[in-house]
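Derivation of every value follows stated rules applied to the coordinates shown; laboratory data play no part. Model, not experiment: these values are computed from the prediction. Heads up, the Cβs are rebuilt from the backbone with ideal geometry, glycines too, and the neighbour counts pull from every protein chain shown.
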Amino acid sequence: MIIAPSLLAADFTRLGKEAVRATQSGADWLHLDIMDGQFVSNISFGPAVVAAVRPFARKMFFDVHLMCGKPEILLEPFAKAGADLITVHVELGEKVPQLLWKIRSLGKKVGLAVNPPTAITAAQPYLDQIDLLLVMTVNPGFGGQSFIHECLPKIQQAETWRRERKFNFHIEVDGGINLQTAAECARAGADTFVAGTSLFGARSLKTAVKKMRKIICENDPALADLAVPAAPAPVLLL
Ligand code: DX5
Ligand code: ZN
């Protein structure tokens, strides 16, 4: 499973140090929320910030989440800035096929995000072209929002498609993820967990990551048989 702290919840006055903290926390990916003030009513940061942070987190996988209305003009700059995976939103409609193709042509992993009000079936035509399906569990635009439980069946549906059609895309959840909601999403079939407030907002990022990893492991059906120690063989009383 993958744990990805969202830099949006980090201390913006010291992003380099925050990226080092994320690297040292044992987290797997760094989630970078890019907001353009059009697709969502907030503005976060751009490719220059991603490029500036990159050297502080060399070993981390940069998971760039574009909440942007015109991502076509941003794909190359973020690829150059150090993105490893770029996610665009299925709500962009007929632009999506071209965007996924362009991300792939840049040599990056391909992600597709689905907002809470959007039916998960909107992503179905693209499942064979993506490396990650992001099931948003809040409406995009801000950190610190409450988890939307109605999104859980969408995670289950995505996991069913993945299993039945033998796809291997990551199922990522993003928004309001804490220990309790991470457990619920793990049970539903998620394997990649974005968390901002509950991780960067914790006293110790390292401890928070460790606790989240443990609770996911305990709730992930795929890991369940690994998590429980094998029962000792019965002693035959002869
Ligand atoms: C919201 C972003 C999320 C958000 C997560 O638009 O996509 O990644 O930053 O932050 P928390 O974990 O605080 O909800
Ligand atoms: Zn995000």
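Residue 27 satisfies every condition listed in (1) away from ligand 2 (no atom under 15 Å from the Cβ); (2) in contact (Cβ under 8 Å) with a residue 60 or more places away in the chain except (1). Every listed requirement among (1) more than 30 Å from residue 221 (Cα to Cα); (2) surrounded by fewer than 16 Cβ atoms within 10 Å (Cβ to Cβ); (3) polar (S, T, N, Q) is met by residue 24 save one, (1). Look at (1) more than 24 Å from residue 139 (Cα to Cα); (2) small (Gly, Ala, Ser); (3) free of Cβ contacts under 8 Å to residues at least 40 places away in the same chain; (4) surrounded by 20 or more Cβ atoms within 10 Å (Cβ to Cβ) and you find that residue 44 fails only one, number (1).
The set of residues in segment 173-190 that are farther than 13 Å from residue 136 by Cβ, crowded, with 21+ Cβ neighbours inside 10 Å and more than 13 Å from ligand 1 (Cβ to nearest atom) comprises 186, 188, 189. On the given criteria, is residue 127 aliphatic (A, V, I, L, M), touching a residue at least 12 places away in the same chain (Cβ under 8 Å) and touching a helix residue (DSSP H, G or I) at 6+ places or on another chain (Cβ under 9 Å)? Criteria met by residue 127. Any residue in segment 45-53 that is of a type in the set (Gly, Ala, Ser), within 18 Å of the chain's Cα centre (by Cα) and more than 12 Å from ligand 1 (Cβ to nearest atom)? No, every residue in segment 45-53 fails to be of a type in the set (Gly, Ala, Ser), within 18 Å of the chain's Cα centre (by Cα) and more than 12 Å from ligand 1 (Cβ to nearest atom). Residues that are more than 15 Å from ligand 1 (Cβ to nearest atom) and either touching a residue at least 24 places away in the same chain (Cβ under 8 Å) or part of a helix (DSSP H, G or I) (or both) within segment 195-210 comprise 206, 207, 210, listed in sequence order. Residues that are farther than 19 Å from residue 122 by Cα and small (Gly, Ala, Ser) were ranked within segment 77-108; the one that is nearest to the chain's Cα centre (by Cα) is 83. Set side by side, the residues 170, 149 differ, and just one is more than 11 Å from ligand 2 (Cβ to nearest atom) and more than 20 Å from residue 67 (Cβ to Cβ), which is 149.
The set of residues in segment 180-214 being more than 15 Å from residue 27 (Cβ to Cβ), in contact with a helix residue (DSSP H, G or I) (Cβ under 7 Å, 6 or more places away or on another chain) and more than 16 Å from ligand 2 (Cβ to nearest atom) consists of 183, 184, 186, 187, 188, 189. Filtering segment 179-194 to residues that are over 13 Å from the mean Cα position of the chain (by Cα) and in a loop (DSSP other than H, G, I, E, B) leaves only 189.
Can you work out which of the residues in segment 1-21 that are within 11 Å of ligand 2 (Cβ to nearest atom) and aliphatic (A, V, I, L, M) is surrounded by the fewest Cβ atoms within 10 Å (Cβ to Cβ)? Restricting to residues being within 11 Å of ligand 2 (Cβ to nearest atom) and aliphatic (A, V, I, L, M), the top hit is 9. If a residue must be within 13 Å of ligand 2 (Cβ to nearest atom), more than 17 Å from the chain's Cα centre (by Cα) and within 18 Å of residue 12 (Cα to Cα), how many such residues does segment 30-43 contain? Selection size over segment 30-43: 1. Exactly one residue out of 216, 155, 148, 171 is in contact with a Ser or Thr (Cβ under 7 Å, 6 or more places away or on another chain) and over 24 Å from residue 41 (Cβ atoms): that is 171. Taking residue 74 as the residue in question, decide whether it is in contact (Cβ under 8 Å) with a residue 40 or more places away in the chain, more than 18 Å from the chain's Cα centre (by Cα) and within 16 Å of ligand 2 (Cβ to nearest atom). It is true that residue 74 is in contact (Cβ under 8 Å) with a residue 40 or more places away in the chain, more than 18 Å from the chain's Cα centre (by Cα) and within 16 Å of ligand 2 (Cβ to nearest atom).
Residue 129 meets the stated requirement of being away from ligand 2 (no atom under 14 Å from the Cβ) and touching a Lys or Arg at 6+ places or on another chain (Cβ under 9 Å).
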